[in-house]
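Structure first, commentary second.
The values are calculated or read from the model by the stated rules, or taken from the named source; none is laboratory data. Keep in mind it's a predicted model, so treat the numbers as computed, not measured. Positions of Cβ are backbone-derived with ideal geometry, glycine not excepted, and every protein chain shown enters the neighbour counts. Only protein heavy atoms, including side chains, enter the accessible area calculation; ligands, DNA and RNA are left aside. Shrake-Rupley method; radii C 1.70, N 1.55, O 1.52, S 1.80 Å.
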2 protein chains.
Amino acid sequence: MQRVTNCILTKNDQVLMLKKPSRGWWVAPGGKMELRESIVESVTREFKEETGISINHPQLRGIFTIVIEDQGKVINEWMMFTFQATNGSGTMLPQSPEGELAWKSVEEISQLPMAVGDYQIFEHVLHKNGLIYGTFTYNGNLDLLSYRLEAEGEPIKQFKV
Amino acid sequence: MQRVTNCILTKNDQVLMLKKPSRGWWVAPGGKMELRESIVESVTREFKEETGISINHPQLRGIFTIVIEDQGKVINEWMMFTFQATNGSGTMLPQSPEGELAWKSVEEISQLPMAVGDYQIFEHVLHKNGLIYGTFTYNGNLDLLSYRLEAEGEPIKQFKV
(Lines give C-alpha, C1' and ligand atoms only; values in the text may rest on other atoms or scores of the structure.)
Protein backbone atom coordinates (compact mmCIF):
# COMPACT_ATOMS: atom_id res chain seq x y z
CA MET A 1 0.00 0.00 0.00
CA GLN A 2 1.24 3.39 -1.02
CA ARG A 3 1.70 6.02 1.68
CA VAL A 4 2.15 9.65 0.73
CA THR A 5 3.28 12.53 2.94
CA ASN A 6 3.03 16.18 1.98
CA CYS A 7 3.38 19.56 3.62
CA ILE A 8 1.56 22.86 3.35
CA LEU A 9 4.28 25.45 3.94
CA THR A 10 2.78 28.83 4.76
CA LYS A 11 4.64 32.13 5.09
CA ASN A 12 3.10 35.60 5.29
CA ASP A 13 -0.24 34.39 3.91
CA GLN A 14 1.47 32.64 1.02
CA VAL A 15 1.55 28.88 0.41
CA LEU A 16 4.27 27.05 -1.50
CA MET A 17 2.46 25.05 -4.17
CA LEU A 18 3.57 22.62 -6.85
CA LYS A 19 1.88 22.28 -10.24
CA LYS A 20 2.11 18.71 -11.51
CA PRO A 21 2.60 18.52 -15.26
CA SER A 22 0.26 15.53 -15.82
CA ARG A 23 -3.09 17.27 -15.25
CA GLY A 24 -1.94 20.79 -14.41
CA TRP A 25 -3.29 20.30 -10.89
CA TRP A 26 -1.71 22.07 -7.93
CA VAL A 27 -0.67 20.11 -4.85
CA ALA A 28 1.23 20.57 -1.62
CA PRO A 29 4.77 19.27 -2.28
CA GLY A 30 5.43 15.75 -1.05
CA GLY A 31 5.69 12.18 -2.20
CA LYS A 32 5.88 8.52 -1.37
CA MET A 33 7.15 7.16 1.92
CA GLU A 34 10.10 4.85 1.70
CA LEU A 35 10.58 1.66 3.69
CA ARG A 36 11.59 2.20 7.34
CA GLU A 37 10.69 5.90 7.34
CA SER A 38 8.46 7.50 9.91
CA ILE A 39 5.91 9.90 8.43
CA VAL A 40 7.87 12.92 9.68
CA GLU A 41 11.13 11.65 8.19
CA SER A 42 9.32 11.06 4.92
CA VAL A 43 7.73 14.50 4.68
CA THR A 44 10.99 16.23 5.55
CA ARG A 45 12.92 14.31 2.88
CA GLU A 46 10.26 14.64 0.19
CA PHE A 47 9.71 18.35 0.72
CA LYS A 48 13.46 18.98 0.49
CA GLU A 49 13.77 16.91 -2.70
CA GLU A 50 10.88 18.68 -4.41
CA THR A 51 11.48 22.25 -3.27
CA GLY A 52 15.03 22.57 -1.90
CA ILE A 53 13.57 23.76 1.42
CA SER A 54 14.08 22.04 4.77
CA ILE A 55 10.90 22.37 6.79
CA ASN A 56 11.21 22.95 10.53
CA HIS A 57 8.86 21.28 13.00
CA PRO A 58 6.21 20.12 10.56
CA GLN A 59 2.92 19.49 12.36
CA LEU A 60 0.59 16.71 11.33
CA ARG A 61 -2.77 18.21 10.32
CA GLY A 62 -4.58 15.51 8.35
CA ILE A 63 -4.68 11.74 7.87
CA PHE A 64 -6.64 10.52 4.90
CA THR A 65 -7.66 7.23 3.37
CA ILE A 66 -7.82 7.62 -0.41
CA VAL A 67 -9.93 5.04 -2.21
CA ILE A 68 -10.01 4.56 -5.97
CA GLU A 69 -13.02 2.54 -6.99
CA ASP A 70 -14.49 1.21 -10.17
CA GLN A 71 -18.17 0.23 -10.24
CA GLY A 72 -18.33 0.08 -6.47
CA LYS A 73 -15.18 -2.04 -6.09
CA VAL A 74 -11.98 -0.79 -4.45
CA ILE A 75 -9.22 -0.98 -7.05
CA ASN A 76 -6.64 0.97 -5.07
CA GLU A 77 -6.38 2.39 -1.58
CA TRP A 78 -3.64 4.54 -0.10
CA MET A 79 -2.97 6.79 2.86
CA MET A 80 -2.03 10.46 2.82
CA PHE A 81 -0.46 12.31 5.74
CA THR A 82 -0.66 16.09 5.41
CA PHE A 83 1.59 18.30 7.52
CA GLN A 84 1.78 22.05 7.94
CA ALA A 85 4.93 24.06 8.51
CA THR A 86 5.40 27.77 8.95
CA ASN A 87 9.14 27.72 8.86
CA GLY A 88 11.69 26.45 6.39
CA SER A 89 15.35 26.99 5.66
CA GLY A 90 17.45 26.74 2.51
CA THR A 91 17.01 28.07 -0.98
CA MET A 92 14.05 27.18 -3.15
CA LEU A 93 14.93 25.21 -6.26
CA PRO A 94 14.58 27.25 -9.47
CA GLN A 95 12.84 24.21 -10.95
CA SER A 96 11.36 21.26 -9.07
CA PRO A 97 11.94 17.77 -10.45
CA GLU A 98 8.20 17.26 -10.02
CA GLY A 99 6.70 20.37 -11.63
CA GLU A 100 6.33 24.12 -11.30
CA LEU A 101 6.82 25.70 -7.88
CA ALA A 102 5.06 28.91 -6.95
CA TRP A 103 4.02 30.86 -3.87
CA LYS A 104 0.27 31.37 -4.00
CA SER A 105 -1.77 33.58 -1.69
CA VAL A 106 -4.06 31.81 0.77
CA GLU A 107 -7.07 33.43 -0.94
CA GLU A 108 -6.01 32.09 -4.33
CA ILE A 109 -5.84 28.43 -3.28
CA SER A 110 -9.55 27.73 -3.72
CA GLN A 111 -9.32 29.01 -7.32
CA LEU A 112 -6.46 26.74 -8.41
CA PRO A 113 -7.19 23.56 -10.36
CA MET A 114 -6.64 20.54 -8.11
CA ALA A 115 -8.18 17.23 -7.05
CA VAL A 116 -11.61 18.20 -5.70
CA GLY A 117 -11.01 16.65 -2.30
CA ASP A 118 -7.87 18.72 -1.85
CA TYR A 119 -9.93 21.92 -1.50
CA GLN A 120 -11.35 20.46 1.72
CA ILE A 121 -7.87 19.68 2.99
CA PHE A 122 -6.50 23.18 2.29
CA GLU A 123 -9.65 24.73 3.78
CA HIS A 124 -9.08 22.86 7.02
CA VAL A 125 -5.33 23.30 7.27
CA LEU A 126 -5.29 27.00 6.32
CA HIS A 127 -8.34 28.14 8.26
CA LYS A 128 -8.86 25.76 11.18
CA ASN A 129 -7.00 24.14 14.05
CA GLY A 130 -6.26 20.56 14.98
CA LEU A 131 -6.35 17.34 13.07
CA ILE A 132 -8.75 16.21 10.40
CA TYR A 133 -9.43 12.55 9.52
CA GLY A 134 -11.29 11.19 6.58
CA THR A 135 -11.80 9.09 3.49
CA PHE A 136 -11.97 10.41 -0.08
CA THR A 137 -13.32 8.10 -2.78
CA TYR A 138 -12.48 8.77 -6.44
CA ASN A 139 -13.12 6.86 -9.64
CA GLY A 140 -10.28 5.90 -11.96
CA ASN A 141 -10.55 9.26 -13.72
CA LEU A 142 -10.06 11.03 -10.37
CA ASP A 143 -13.60 12.36 -10.23
CA LEU A 144 -14.53 12.68 -6.57
CA LEU A 145 -17.37 10.27 -5.72
CA SER A 146 -17.66 10.84 -1.99
CA TYR A 147 -15.92 11.95 1.15
CA ARG A 148 -16.42 11.79 4.88
CA LEU A 149 -14.41 14.15 7.07
CA GLU A 150 -14.16 14.40 10.81
CA ALA A 151 -12.29 17.19 12.57
CA GLU A 152 -11.96 17.65 16.30
CA GLY A 153 -14.79 19.73 17.69
CA GLU A 154 -16.65 20.02 14.39
CA PRO A 155 -19.65 18.27 12.84
CA ILE A 156 -18.86 15.49 10.38
CA LYS A 157 -18.81 16.66 6.75
CA GLN A 158 -20.06 14.26 4.13
CA PHE A 159 -20.50 14.42 0.39
CA LYS A 160 -21.71 11.90 -2.15
CA VAL A 161 -22.25 12.31 -5.91
CA MET B 1 0.24 -3.20 3.88
CA GLN B 2 -1.38 -3.79 7.21
CA ARG B 3 -2.59 -0.79 9.19
CA VAL B 4 -3.47 -1.15 12.84
CA THR B 5 -5.30 1.31 15.08
CA ASN B 6 -5.50 1.07 18.84
CA CYS B 7 -6.55 3.19 21.78
CA ILE B 8 -5.26 3.77 25.28
CA LEU B 9 -8.38 4.38 27.33
CA THR B 10 -7.54 6.00 30.66
CA LYS B 11 -9.90 6.60 33.58
CA ASN B 12 -8.94 7.62 37.11
CA ASP B 13 -5.31 6.58 36.62
CA GLN B 14 -6.37 3.21 35.24
CA VAL B 15 -5.79 1.95 31.71
CA LEU B 16 -7.94 -0.63 29.94
CA MET B 17 -5.51 -3.30 28.74
CA LEU B 18 -5.89 -6.50 26.75
CA LYS B 19 -3.76 -9.60 27.28
CA LYS B 20 -3.29 -11.49 24.03
CA PRO B 21 -3.24 -15.24 24.51
CA SER B 22 -0.44 -15.96 22.00
CA ARG B 23 2.50 -14.58 24.00
CA GLY B 24 0.73 -13.33 27.12
CA TRP B 25 1.70 -9.77 26.15
CA TRP B 26 -0.50 -6.84 27.11
CA VAL B 27 -1.60 -4.34 24.46
CA ALA B 28 -3.94 -1.41 24.04
CA PRO B 29 -7.13 -2.81 22.45
CA GLY B 30 -7.39 -2.32 18.70
CA GLY B 31 -6.96 -4.09 15.41
CA LYS B 32 -6.68 -3.94 11.68
CA MET B 33 -8.15 -1.16 9.56
CA GLU B 34 -10.66 -2.23 6.97
CA LEU B 35 -10.90 -0.93 3.43
CA ARG B 36 -12.43 2.57 3.13
CA GLU B 37 -12.10 3.34 6.84
CA SER B 38 -10.49 6.46 8.20
CA ILE B 39 -8.17 5.82 11.14
CA VAL B 40 -10.70 7.25 13.59
CA GLU B 41 -13.52 5.09 12.22
CA SER B 42 -11.24 2.09 12.50
CA VAL B 43 -10.18 2.68 16.10
CA THR B 44 -13.76 3.33 17.21
CA ARG B 45 -15.02 0.11 15.60
CA GLU B 46 -12.11 -2.04 16.77
CA PHE B 47 -12.21 -0.80 20.36
CA LYS B 48 -15.95 -1.49 20.53
CA GLU B 49 -15.54 -5.00 19.10
CA GLU B 50 -12.76 -5.92 21.51
CA THR B 51 -14.04 -4.29 24.70
CA GLY B 52 -17.74 -3.43 24.28
CA ILE B 53 -16.91 0.21 24.99
CA SER B 54 -17.57 3.10 22.59
CA ILE B 55 -14.77 5.61 22.93
CA ASN B 56 -15.63 9.30 22.75
CA HIS B 57 -13.37 11.78 20.95
CA PRO B 58 -10.29 9.61 20.63
CA GLN B 59 -7.20 11.75 20.08
CA LEU B 60 -4.37 10.63 17.87
CA ARG B 61 -1.18 10.41 19.96
CA GLY B 62 1.28 8.32 17.94
CA ILE B 63 2.00 7.21 14.37
CA PHE B 64 4.48 4.40 14.01
CA THR B 65 6.18 2.50 11.23
CA ILE B 66 6.75 -1.08 12.35
CA VAL B 67 9.44 -2.96 10.46
CA ILE B 68 10.07 -6.69 10.72
CA GLU B 69 13.47 -7.56 9.35
CA ASP B 70 15.52 -10.66 8.82
CA GLN B 71 19.28 -10.35 8.35
CA GLY B 72 18.97 -6.67 7.50
CA LYS B 73 16.17 -7.14 4.98
CA VAL B 74 12.64 -5.83 5.47
CA ILE B 75 10.29 -8.80 5.44
CA ASN B 76 7.21 -6.94 6.62
CA GLU B 77 6.29 -3.34 7.31
CA TRP B 78 3.10 -1.96 8.76
CA MET B 79 1.72 1.20 10.31
CA MET B 80 0.25 1.65 13.76
CA PHE B 81 -1.95 4.58 14.81
CA THR B 82 -2.30 4.96 18.57
CA PHE B 83 -5.10 7.04 20.02
CA GLN B 84 -5.92 8.07 23.57
CA ALA B 85 -9.38 8.49 25.02
CA THR B 86 -10.47 9.49 28.49
CA ASN B 87 -14.12 8.82 27.98
CA GLY B 88 -16.12 5.82 26.88
CA SER B 89 -19.70 4.64 27.10
CA GLY B 90 -21.32 1.23 27.17
CA THR B 91 -20.65 -1.89 29.20
CA MET B 92 -17.34 -3.70 29.14
CA LEU B 93 -17.51 -7.21 27.70
CA PRO B 94 -17.08 -9.92 30.37
CA GLN B 95 -14.71 -11.61 27.90
CA SER B 96 -13.03 -10.06 24.87
CA PRO B 97 -12.90 -12.12 21.66
CA GLU B 98 -9.19 -11.21 21.56
CA GLY B 99 -8.02 -12.03 25.07
CA GLU B 100 -8.28 -10.98 28.70
CA LEU B 101 -9.43 -7.46 29.53
CA ALA B 102 -8.31 -5.73 32.70
CA TRP B 103 -7.97 -2.25 34.14
CA LYS B 104 -4.36 -1.71 35.13
CA SER B 105 -2.99 1.22 37.09
CA VAL B 106 -0.78 3.67 35.20
CA GLU B 107 2.15 2.75 37.49
CA GLU B 108 1.73 -0.95 36.71
CA ILE B 109 1.98 -0.58 32.92
CA SER B 110 5.77 -0.57 32.79
CA GLN B 111 5.81 -3.89 34.69
CA LEU B 112 3.51 -5.77 32.34
CA PRO B 113 4.96 -8.11 29.72
CA MET B 114 4.60 -6.53 26.27
CA ALA B 115 6.48 -5.84 23.03
CA VAL B 116 9.52 -3.85 24.16
CA GLY B 117 8.73 -0.88 21.91
CA ASP B 118 5.28 -0.57 23.44
CA TYR B 119 6.78 0.63 26.75
CA GLN B 120 7.98 3.73 24.88
CA ILE B 121 4.53 4.29 23.46
CA PHE B 122 2.74 4.01 26.82
CA GLU B 123 5.40 6.21 28.43
CA HIS B 124 4.72 8.96 25.92
CA VAL B 125 0.94 8.71 25.83
CA LEU B 126 0.46 8.41 29.61
CA HIS B 127 3.04 10.96 30.71
CA LYS B 128 3.54 13.48 27.91
CA ASN B 129 1.61 15.72 25.55
CA GLY B 130 1.31 15.90 21.80
CA LEU B 131 2.13 13.48 19.04
CA ILE B 132 4.99 11.05 18.74
CA TYR B 133 6.32 9.68 15.46
CA GLY B 134 8.73 6.86 14.91
CA THR B 135 9.94 3.58 13.55
CA PHE B 136 10.37 0.35 15.53
CA THR B 137 12.38 -2.47 13.98
CA TYR B 138 11.91 -6.03 15.22
CA ASN B 139 13.23 -9.38 14.07
CA GLY B 140 10.90 -12.24 13.22
CA ASN B 141 10.89 -13.34 16.86
CA LEU B 142 9.68 -9.85 17.87
CA ASP B 143 12.94 -8.96 19.57
CA LEU B 144 13.34 -5.19 19.30
CA LEU B 145 16.38 -4.34 17.17
CA SER B 146 16.11 -0.56 17.03
CA TYR B 147 13.83 2.41 17.29
CA ARG B 148 13.87 6.09 16.48
CA LEU B 149 11.27 8.31 18.10
CA GLU B 150 10.51 11.96 17.60
CA ALA B 151 8.03 13.88 19.73
CA GLU B 152 7.16 17.53 19.42
CA GLY B 153 9.45 19.68 21.55
CA GLU B 154 11.64 16.81 22.70
CA PRO B 155 15.05 15.45 21.69
CA ILE B 156 14.99 12.46 19.33
CA LYS B 157 15.23 9.13 21.17
CA GLN B 158 17.16 6.34 19.50
CA PHE B 159 18.04 2.80 20.42
CA LYS B 160 19.92 0.09 18.62
CA VAL B 161 20.87 -3.41 19.80
A:Thr86 being open to solvent by 50 Å² or more (accessible area, probe 1.4 Å) and within 26 Å of A:Lys11 (Cα to Cα): yes
Cβ-Cβ under 6 Å pairs, at least 6 apart or on other chains, the stretch A:79-91 side more than 15 Å from A:Asn6 (Cβ to Cβ), far side assigned to a strand (DSSP E or B): A:Thr86/A:Thr10; A:Ser89/A:Ser54; A:Gly90/A:Ser54
Total residues in the stretch B:1-40, condition within 13 Å of chain A (Cβ to nearest Cβ) and either open to solvent by 50 Å² or more (accessible area, probe 1.4 Å) or part of a strand (DSSP E or B) (or both): 9
Residues that are surrounded by 15 or more Cβ atoms within 10 Å (Cβ to Cβ), charged (D, E, K, R) and in a strand (DSSP E or B), drawn from the stretch B:109-161: B:Arg148, B:Glu150, B:Lys157
Residue match in the stretch B:42-52 (condition: within 12 Å of another protein chain (Cβ to nearest Cβ) and at pLDDT below 95): no
Residue check, A:Thr91 within 14 Å of another protein chain (Cβ to nearest Cβ), open to solvent by 20 Å² or more (accessible area, probe 1.4 Å) and outside any strand (DSSP E or B): no
Any hit, the stretch A:51-70, residues being assigned to a helix (DSSP H, G or I) and either within 16 Å of the chain's Cα centre (by Cα) or more than 20 Å from B:Thr5 (Cα to Cα) (or both): yes
Residue count, the stretch B:53-71 (criterion: acidic (Asp, Glu) and either modelled with pLDDT under 95 or open to solvent by 50 Å² or more (accessible area, probe 1.4 Å) (or both)): 1
B:Val74 being closer than 25 Å to B:Phe136 by Cα, within 11 Å of chain A (Cβ to nearest Cβ), loosely packed, with under 14 Cβ neighbours inside 10 Å and touching a strand residue (DSSP E or B) at 6+ places or on another chain (Cβ under 9 Å): yes
